[in-house]
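A quick write-up on the structure given underneath.
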Amino acid sequence: MAKADSQQTIQNEITMTGKGLMLGEPVTLTLKPAPADSGIVFRRVDMAGAPEVKVCQENWADILPRCTSLRNGDTTVSSVEHILSALGGLGVDNATVELDASEPPGLEGSAAPYVENIQAAGLVSQDAPRQFIEVTESFALSAADKQLVLLPAVALEVTFVYAHPQTKPQTATFKITPESYASDIAPARSFCFEDEIEALQTLGIGKGANYDNVVVINAAGESSTPLRFEDEFVRHKILDLIGDLYLAGHLPKAHVLAMRTGHMFHAEFVRALAEAGHLQQAPAQEPIEVMDIYEVLPHRHPMCMVDRVIEYESKKRAVGIKNVTYNEPIFEGHFPTRPVMPGVLQIEALAQLAAWLVLRDIGKEGELGYFRSINKATFRRAVIPGDQLRLEIEVAQLRSRIARIEGRVYVGDELATEAELSIVLASV
């Protein structure tokens, strides 16, 4: 049984198929468990190297109208609001969403199929506290007739005011729990107005939409199919809002008041929250100590060049520590009267840290990380016994078995060495 104050992931994998609502591409989606503090990550398995896009406000992108999109470099995913809403509404903090197209399946236009599959898969608690957008005072964003406000509260509650000339105004308030989300919000379907259809088609979107997955409203305000709720339109707006707020990586403990808002405004609101310092950072990671490092790396004394990993982000970056001591064998022969650490060993330390990160993320049993190339190596400062090296690496490109790395070595605040490396994973 999952604990309300702990992070959660799904217990078993889920696979769903269908067509994307906006572009109409056939797609298979596989939802997988993920470690604590990893958040929600989309993985494009149809692209070389299966690149990833993490759900965070920095990765929001204005790609397609009438939906929410993410971008990381050349990798994009669109129409993510329904699955994000289901994950957020049910309290799933960490998951990997694998796709073989650029958007998840639209299914029947609501989040209910996602909810039903996640419930069937089950949730499991993780050994990490759940994070929230903490609100200690009101925060608001307004533009013309649109307004979004957060008020301090002990749990998530949403009030939404929806108005359109072709429908009666609808207002609804819900306290969002997994139970209320599943029964009262998730089944509400996407909708559009009949006089919008031609314009949407001109924009090249809505190719996967039909009368089975979108409620169409005519000029008289009549719907193309019986409504699931009398106020289904405002409930779907709440569904979208929850998904868009999850761009922050977690949901607020707040009473959310929304008036006539949509996807673009929601993304602007999350960005404003970040700029105002309201989005918590992930909790500090526990350092990875040397014995754990060398469960991944094959190196042993005297070629162990990483003593500790203090920060890491899967497939993206890592920060390690190397303590330089007088008793290292290299100093017996490398300028023994005035010991200096060879620059090539500093680059070796960067390569070992890079190999550790890549092997732990995508390595297969029996594989090692080998140098493939070194470019633009520059040595700016002598490193001597007693120095502590801060090793910083960033993954510039990750293909199936090759990683291109940008690395820097610091002593205190001084840059000592920098280089571009590439690592190839291969069997022994």
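In the elastic network of the chain, a GNM with C-alpha springs shorter than 10 Å, the most mobile of Ala182, Ala382, Ala318 is Ala382. Using 0.36 nm per residue and subtracting the Cα-Cα separation, the extra length available between Leu203 and Ser6 on full extension is 66.6 nm. Taking 0.36 nm per residue of separation and subtracting the current Cα-Cα distance, fully stretching the chain between Lys364 and Asn327 would add 9.8 nm. Of the cross-linked pairs Lys175/Lys316; Lys54/Lys168; Lys32/Lys207; Lys175/Lys315, those separated by over 30 Å at the C-alpha level are Lys175/Lys316; Lys54/Lys168; Lys175/Lys315. Placing pseudo-labels 7 Å out from each Cα toward the beta carbon at Val161 and Asn375 gives an inter-label distance of 5.7 nm.
Taking θ as phi - 60° and the Karplus parameters 6.51, -1.76 and 1.60, the scalar couplings of the stretch 291-307 work out to 5, 6, 4, 8, 7, 9, 8, x, 5, 9, 3, x, 9, 7, 10, 10, 8 Hz in sequence order, x denoting glycine and proline.
Only Cα pairs within less than 10 Å get springs; with that Gaussian network setup on the chain, which residue of Val55, Val80, Val124 has the largest fluctuation? Evaluated over the chain, the most mobile residue of the options is Val124.
In the full protein context, the chain carries 47 Å² of accessible surface per residue, based on a 1.4 Å probe and ignoring ligands, DNA and RNA.
Could you tell me the calculated FRET efficiency between Ala219 and Glu179, based on Cβ-Cβ distance and R0 = 35 angstrom, to the nearest 0.05?
FRET efficiency, Ala219 to Glu179: 0.40.
Computed in the context of the full set of protein chains, the accessible area of the chain at 1.4 Å probe radius has 50% of its extent on carbon or sulfur.
Approximating the spin labels as points 7 Å out from Cα along Cα→Cβ, the Ala144-to-Ala426 distance works out to 5.9 nm.
Of Ser138, Ser85, Ser69, the residue with the greatest mean-square motion in the GNM of the chain, using alpha carbon springs below 10 Å, is Ser138.
For the chain, complete DSSP H runs whose alpha carbons reach 24 Å or more along their own long axis and whose mean Kyte-Doolittle score is -0.5 or higher are 343-362.
Between Ser125 and Met264, what FRET efficiency comes out of the Förster formula 1/(1 + (r/R0)^6) with R0 = 35 Å and r the beta carbon distance, rounded to 0.05?
Numbers: r = 35 Å, r/R0 = 1.01.
After rounding, the FRET efficiency stands at 0.50.
Helical runs (DSSP H, four residues minimum) scored at -39500 (n - 2.57) apiece and divided by the length of the chain put the mean residue ellipticity at 222 nm at -5500 deg cm²/dmol.
All distinct Cα pairs of the chain go into the 1/r average, and the inverse of that average, the Kirkwood radius, is 23.8 Å. For the pair Arg228 and Phe193, label points projected 7 Å from Cα toward Cβ lie 2.4 nm apart.
The values are calculated or read from the model by the stated rules, or taken from the named source; none is laboratory data. This structure is a prediction, so every number in the text was calculated from the model and none was measured. A quick note on method: Cβ atoms are made from the backbone with ideal geometry, for glycine too, and the neighbour counts reach across all protein chains shown. For the accessible areas, the whole protein counts, side chains as well, though only heavy atoms, and no ligand, DNA or RNA atoms are used. Shrake-Rupley method; radii C 1.70, N 1.55, O 1.52, S 1.80 Å.
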